Amino acid sequence: MTRSKNIVLAVGLSLSAVIVLPLLILLLSRGGAESSGTGGAVSSSVTASSGADFELRQLQQRAEELLARDLAEALRAGDVSLDLMARLNRSQDKADRALAAGDFERAASMYREVLERGEAELAELELAVQARELQERAYSELNRLAYLKRAFEQTYQYAVAQYDTGLASLESGDFGASVRAYEAALKVLAELEASGTVQISGFLELGDQALQDYDLSGARAAYEAALQIDGGNRSALAGLSAVADLAGIADAVPAVEALEQAGDLDQALVEWQRLATAHPDNSFLLERIAQVRAEILNRDYQALLKQVAAAEAAGQYQVAITALEAALDLKHSPEQVLRLESLRKLLQAAQLEHLLATGYAALQAGDFEAARNAYKESIALAPNSVEAQAGLEKASSLYLASIRFNQNLVSAAKYAEEGRFPLAAKFFNNAMASRPSTIGSKELAEEARLRELLELQSQEVAVVVESDKRTYVSIIGVLPPDRFRSTELQLFPDVYIIKGTRPGYAPVEVEFKVNAAQPSQVVEVICRKKL
C-alpha cells in the first residue's frame, strides 16, 4: 500500500506542473475579470439575478462554499486532483454566467452538477479515510491475537485473507469493498478472541481445582492446555509455577495443614518455615507462611482485647490503655480507637486533679514557674478546664511580672552605671510597675540601692561652659547656638553632647556627664583647627 501511494504521489507531482499552470491562469483570469475588466458584468450579474429564488441562491452559495472550503482543503492535502478542481471551477463559472443572464433553470442545473460531483468526490474521500483507519485496526488486531494462530489456524488465516482483500481493494481505489473486507476481518478476530477466552478459562478452572486437590499431574495438564492456546497466559504460567513449587513437598503439606485446622498455629508456622528452609524461594511456602502469620496476629490481637476488658473492669485504666495500644499496633480498628480515647479520658481525669493541686500549692509558695508548668500540663490534658486556664493565667502573669521586674531592674542599673540617669529612672519605674508582691532578698537590696541613687541624681547640677566668644556653642534641647566666653547652666544628671562651630574651622563635639556627686563641672568648647 505504501509503495502504491508513493507511485501515485510521484505521478501527481509530475502532472502538477502541467495542470497547475492552466488552473492558475483560469483562476487569475476569473479573479481579474471580477476585479477589473468584467467589473460591469459582475455588477450586471447581481442585478440580473436579483429575481432568482431563494433555493437557487442557496444552491449558488453551497457550490461556492464547497469549492472554496471543503474541496480546497482536500486539494491542499493532495486528496483531489487539480484537473477535477479546474473542471468544477469552469462549471461554477458557467453557472454564475447563466445566473447573471437570467437563465435560472440552467444555472440551477449546473450548480447541482457542481454539488453532486464535488460531494461525491468528498464522500469517496471519507470512505477512503474509513478504509485506511480500518486497515490500521485490522493490522493491529492481527498482531495482538497472533498467539491464537496456532490453536485456531484456519479461522486466523481467514481473517488474514480478508485483510489482504481489503488491502487490494484499497490500493485499486475500491474503498467500499475495502471497508467491507476489513470489517469482516475484525468481526472474525473478535469471535476468535471470545472463543479462545472461553476455552482458556475452562482449562484454568480445571487446573486450579486439581491444584487445590494436590493432583499435580492433572493441574499441569490443564495449565499446559491453556498455554497451547495462549503461550503467554499469566494465570496458566502462575499455575505451572505453583505445580513446580509443590513438586517436592506435596506429601508433607497435608500434615502441616492438619496443624492449622487443629489451631496449633505456632507449630504450623514452624513446620512451614522448616520446609521453606529446605526449599528456598518456594512461592507456595512463602504464601502459606504469610497466611499463618496473619492468623497468629489476629489471635494475639483478640487476646489483648480480653486483657483490656479485664483491666477496665478492675479500674486499672493505665494497664488497659497499654494493652489496647499494643492491640492497635497489631491491627487498626476504628472501634478500638474510640475505646482507647474513652480510657484515656478516665485516666486524664485523675491526672488533671493531681496537676491542679500541684499548681495551686506552687502558686501559694511563690514558685510561679513551677505553678505555670503544672497548669500548662493541666491544659495539655484538658484544654477546656476553667480551673486550669485561670491558674495558668495567674501563674503566667506573676511569672512574667517577675521576669519584667528583674529585666527592668538590670536595665536601670546598667544605665545608672553609664551615667544616663533619666533612662535609668524610666526602667526603675517600669520595674516598680511590674513588681511582684514577693521578691528575693537580692532583688530587694538592688531595688533599695537604685532608689537611693536615683533620688540623689534627681536634682539639677551647675555646669560652667567656657569658649572663645568666636565659637558658636550649642546643646540640643538645652542651649541654642551662641557665642560667649563663659556661661553657667543648670542641668539634670545625664550624658550630654555639646557642639562647637565656627566658619572656616573644623566643628567640635564634646561629650560630658553631669553627676550630682560631682558639682561645679567646667567644660571648654573652642574650634581651633582651621580648614
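Just the residues that are surrounded by fewer than 15 Cβ atoms within 10 Å (Cβ to Cβ), at pLDDT 80 or above and not acidic (Asp, Glu), please, taken from segment 47-68.
Passing the criteria: Phe54, Arg57, Gln58, Gln61, Ala68.
Can you tell me which residue is farthest from Ser402 (Cα to Cα) among those in segment 416-432 that are surrounded by fewer than 19 Cβ atoms within 10 Å (Cβ to Cβ) and free of Cβ contacts under 8 Å to residues at least 40 places away in the same chain? Can you show your working first?
Pass one, segment 416-432, residues surrounded by fewer than 19 Cβ atoms within 10 Å (Cβ to Cβ): 417-420, 422-423, 426, 429-430, 432.
Now restrict to residues that are free of Cβ contacts under 8 Å to residues at least 40 places away in the same chain: 417, 423, 426, 429-430, 432.
Values: Glu417: 23, Leu423: 20, Lys426: 17, Asn429: 14, Asn430: 12, Met432: 11 Å.
For segment 416-432, the residue satisfying everything is Glu417.
Let's see how each residue does on (1) surrounded by fewer than 18 Cβ atoms within 10 Å (Cβ to Cβ); (2) within 60 Å of the chain's Cα centre (by Cα); (3) not in a strand (DSSP E or B):
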{"site": "Val465", "(1), (2), (3)": "no, no, no"}
{"site": "Asp468", "(1), (2), (3)": "yes, no, yes"}
{"site": "Ser474", "(1), (2), (3)": "yes, no, no"}
{"site": "Gly477", "(1), (2), (3)": "yes, no, yes"}
{"site": "Pro480", "(1), (2), (3)": "yes, no, no"}
{"site": "Phe484", "(1), (2), (3)": "yes, no, yes"}
{"site": "Thr487", "(1), (2), (3)": "yes, no, no"}
{"site": "Val495", "(1), (2), (3)": "yes, no, no"}
{"site": "Ile498", "(1), (2), (3)": "no, no, no"}
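Which condition from (1) over 51 Å from the mean Cα position of the chain (by Cα); (2) closer than 30 Å to Gly231 by Cβ is the one that Ala190 breaks?
(1)
Closer than 30 Å to Leu356 by Cα, crowded, with 16+ Cβ neighbours inside 10 Å and out of contact with any Lys or Arg (no Cβ under 8 Å at 6 or more places or on another chain): is that true of Arg404 in this structure? Walk me through it before giving the result.
Values: closer than 30 Å to Leu356 by Cα: yes; crowded, with 16+ Cβ neighbours inside 10 Å: yes; out of contact with any Lys or Arg (no Cβ under 8 Å at 6 or more places or on another chain): yes.
Judged against the criteria, Arg404 is a match.
Considering only residues of segment 78-124 that are modelled with pLDDT of 80 or more and either outside any helix (DSSP H, G or I) or hydroxyl-bearing (Ser, Thr, Tyr) (or both), which is surrounded by the most Cβ atoms within 10 Å (Cβ to Cβ)?
Ser91
Take the conditions of a type in the set (A, V, I, L, M), closer than 20 Å to Ala242 by Cβ and in a helix (DSSP H, G or I) and apply them to Leu285. Does it pass? Write out each step before concluding.
Values: of a type in the set (A, V, I, L, M): yes; closer than 20 Å to Ala242 by Cβ: yes; in a helix (DSSP H, G or I): yes.
Yes: the conditions hold for Leu285.
Please go through segment 242-262 and give me each residue that is surrounded by fewer than 13 Cβ atoms within 10 Å (Cβ to Cβ) and part of a helix (DSSP H, G or I), ordered by number.
Those that are surrounded by fewer than 13 Cβ atoms within 10 Å (Cβ to Cβ) and part of a helix (DSSP H, G or I): Pro254, Ala255, Ala258, Gln261.
Results for (1) surrounded by 16 or more Cβ atoms within 10 Å (Cβ to Cβ); (2) under 46 Å from the mean Cα position of the chain (by Cα); (3) assigned by TED's automatic domain parsing to the domain that holds Leu246, shown as yes or no for each residue.
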residue	(1), (2), (3)
Asp264	no, no, yes
Val270	no, no, yes
Gln273	no, yes, yes
Pro280	no, yes, yes
Leu286	no, yes, yes
Ala294	no, yes, yes
Asn298	no, yes, yes
Val308	yes, yes, no
Gln318	no, yes, no
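What pairs can you find where one residue is in segment 510-531 and part of a loop (DSSP other than H, G, I, E, B), the other is at pLDDT 90 or above and surrounded by fewer than 10 Cβ atoms within 10 Å (Cβ to Cβ), and their Cβ atoms are less than 8 Å apart, with a gap of 6+ or different chains?
Leu531/Gly504
What are the residues in segment 426-440 that are polar (S, T, N, Q) and part of a helix (DSSP H, G or I), if any?
Narrowing segment 426-440 to residues polar (S, T, N, Q): 429-430, 434, 437-438.
Correct list: Asn429, Asn430.
The values are calculated or read from the model by the stated rules, or taken from the named source; none is laboratory data. Here the structure is a predicted model, which means the values were calculated and not measured. Positions of Cβ are backbone-derived with ideal geometry, glycine not excepted, and every protein chain shown enters the neighbour counts.
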